Ligand SMILES: [Zn+2]
């Protein structure tokens, strides 16, 4: 009986020790993780991320799934924002929910939405602007991710090349190179500004990939690495 009691105490001590050790391991793991997550910017660098479209403008619609481009733009933009914030970069998103920036719906809503996005960029005076979109085309065979820039901005071309480099090596059918685009968003600032078209919602293979959280993460990571290698930090 006494022996059994001793054995029981020994087991209790051992188990308590293991619990204590695990607890301290978890605590140190938690502090390592939280140390990597920088809540306040530590680098004097601001990026405006612009998730394209927003209710009532869905942008493109997935051919099979009917997914809204505006929703996917927000997912990829949010993943990208998290990654940039974790390395200490200040990030401003032009929208953080499904709604566009139109105010009241009317025939001029699109113009007002664009004006609002420009106003945000003018207020923030960022070091960089990155718009996130999904592409669509009548030829459903067309697929892959491509970065657009304004032809008047050499610095934007450099940023586009840096992101495209990762698109080309990491994402399928994304070897078309960067392209010149004549878009309002690319003319809102003198800072490097690009539009990332992350794949075609009109192509069934791209659509399927873009719906997968793993692929969304992969796309955001390509943009993140392209930005980091461009600003060289
Ligand atoms: Zn779009």
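What to note about this one:
- Here the range 41-231 carries DSSP beta bridges of which approximately 20% are antiparallel, counting only pairs with both residues inside.
- When 94, 40 are arranged by Cβ crowding within 10 Å, least crowded first, meaning fewest neighbours, the order is 40, 94.
- Among 149, 45, sorting on how many other beta-carbon atoms sit within 10 Å of each Cβ, with the fewest leading, yields 45, 149.
- Across all directions, the average projected area of the convex hull around the alpha carbons of the range 33-155 is 10.2 nm².
- Our summary of shape: the Cα atoms of the range 77-233 have principal axis extents of 40, 37, 31 Å, ordered from largest down, in whole angstrom.
- Kirkwood hydrodynamic radius over Cα pairs of the range 155-233, then Stokes diffusion coefficient at 20 °C and 1.002 mPa s, in µm²/s: 161
Read-outs: derived from the displayed coordinates by stated rules, not from any lab. This is a predicted model, so every value here is computed, not measured. Glycine also receives a Cβ, built like all others from the backbone with ideal geometry; neighbour counts cover every protein chain displayed.
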